[in-house]
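Report on one structure; see the data block that follows.
The values are calculated or read from the model by the stated rules, or taken from the named source; none is laboratory data. This structure is a prediction, so every number in the text was calculated from the model and none was measured. Ideal geometry is used to build each Cβ from the backbone, glycine not excepted, and the neighbour counts take in all protein chains shown.
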Amino acid sequence: MAHRMLRNGGTFEVRSLEPNDSRRELTQDIKRQNEILTFSAIQTIEDGKYYRPDNKKFPSIDAIIAPDTLFQITTAMNHPIKIIGLKRLYNKLAKTSEISFYFVVPAELYDYYQKQKFIATNNSISRRMPDWIKNRIKQYALRIDLSSEGSSRSSLKRRGSSLGGASSSKREKK
C-alpha cells in the first residue's frame, strides 16, 4: 500500500532527522508515476522514475527515484541502513548533491522517528564509511497514513499526474 501511495504522488509531510538541520517540518512533492517499475540490474534504473527492487531482500532500500531519492518503508522504530546496499546503488546516485533517504513511516511513528545508524555487512555499526555516504546522505521521516490511503495527506494538497521523480527541493511547511 505504501508503494502505491508514493507512486500516486502528492505532497507529503517530511521531517528532517539530521541533528543540525533546523528545518524540522517540511513537505516533499512526489510526482505521480503511471506504474511501479522494478529493477534487477541497477544499471537499468532511469532517472526520475519510481523503481522497486525485484529482490525483496535488497539491502538498504525499498524504492528509488534516481539520482537523489531513496525510500525505506518501515513500521519499526529501529531500522539501520546497510552500507552495502548504498554502495551497490552508487553509480545511479547523484555525485555531488544531497541524496535524500526517506523512512516512510506510519503517522503514529512519524513524530518520534529518529536518525538511523549505518551498519556493515555483519550488522555492526559502521565505523568507517565512504565520505559520500557520511556527507551527502540526509535522513528524513516521511509520513503516511496506512489506515486510509486517501487521508495520508489530510490537509496537504494532492498533485497532478505529470511524470517524474521527487522535486529537487523541500519546502518548509507554513
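Only residues that are in contact with a helix residue (DSSP H, G or I) (Cβ under 7 Å, 6 or more places away or on another chain) and of a type in the set (D, E, K, R) were counted in the range 77-121, giving 3.
Among strands (runs of 3 or more DSSP E) entirely within the range 42-148, having at least 2 residues that are polar (S, T, N, Q) and buried (at least 19 other Cβ atoms within 10 Å of the Cβ) singles out 69-73. Of all the residues in the range 21-42, those that are within 24 Å of residue 116 (Cβ to Cβ), among the basic types (Lys, Arg) and either in contact with a Gly (Cβ under 9 Å, 6 or more places away or on another chain) or without any contact (Cβ under 8 Å) to a residue 60 or more places away in the chain (or both) number 1.
Please find, among 35, 46, 108, 13, the residue that is modelled with pLDDT under 95 and not hydrophobic (A, V, I, L, M, F, W, C).
Working: 46 fails: modelled with pLDDT under 95; 108 fails: modelled with pLDDT under 95; 13 fails: modelled with pLDDT under 95.
Criteria check complete, one pass: 35.
With under 18 Å from residue 2 (Cβ atoms) and not charged (D, E, K, R) as the only criterion, which of 67, 53 stands out?
53
Looking at the range 21-41, which of its residues are among the polar types (S, T, N, Q) and not in a loop (DSSP other than H, G, I, E, B)? First the steps, then the outcome.
Let us first name the residues in the range 21-41 that are among the polar types (S, T, N, Q), namely 22, 27-28, 33-34, 38, 40.
The answer is 27, 28, 38.
Figure legend. Inter-residue proximity from the range 3-20: first residues surrounded by fewer than 18 Cβ atoms within 10 Å (Cβ to Cβ), second residues among the basic types (Lys, Arg) and assigned to a strand (DSSP E or B), beta-carbon distance below 7 Å, spacing 6+ or different chains. Indicated pairs: 3/52; 18/138. Remark: pairs (first residue in the range 72-93, closer than 13 Å to residue 113 by Cα; second residue of a type in the set (Phe, Trp, Tyr) and surrounded by fewer than 14 Cβ atoms within 10 Å (Cβ to Cβ); Cβ separation under 9 Å; 6+ apart in sequence or on different chains) = 77/112.
Here is a list: 64, 84. Which entry is of a type outside the set (Asp, Glu), modelled with pLDDT of 95 or more and touching a Pro at 6+ places or on another chain (Cβ under 7 Å)?
On the way: 64 fails: touching a Pro at 6+ places or on another chain (Cβ under 7 Å).
Residue meeting the stated conditions: 84.
Can you report the number of residues in the range 126-141 which are in contact with a helix residue (DSSP H, G or I) (Cβ under 8 Å, 6 or more places away or on another chain) and farther than 27 Å from residue 25 by Cα?
Narrowing the range 126-141 to residues in contact with a helix residue (DSSP H, G or I) (Cβ under 8 Å, 6 or more places away or on another chain): 126, 129-130, 132-133, 137, 141.
From what is left, the residues that are farther than 27 Å from residue 25 by Cα are 126, 129-130.
Total satisfying the criteria: 3.
Taking the criterion of being surrounded by fewer than 19 Cβ atoms within 10 Å (Cβ to Cβ), in contact with a Phe, Trp or Tyr (Cβ under 8 Å, 6 or more places away or on another chain) and either at positive phi or not hydroxyl-bearing (Ser, Thr, Tyr) (or both), the residues of the range 29-38 that qualify are 36, 37.
Of all residue pairs spaced 6 or more apart or on separate chains, those with beta-carbon atoms under 8 Å, a first member in the range 44-65 that is farther than 22 Å from residue 9 by Cα and a second member that is part of a loop (DSSP other than H, G, I, E, B) and among the hydroxyl-bearing types (Ser, Thr, Tyr) are 55/40. Being closer than 23 Å to residue 41 by Cα and among the polar types (S, T, N, Q) is the filter here; which residues of the range 68-95 pass it? Passing the criteria: 69, 72, 91.
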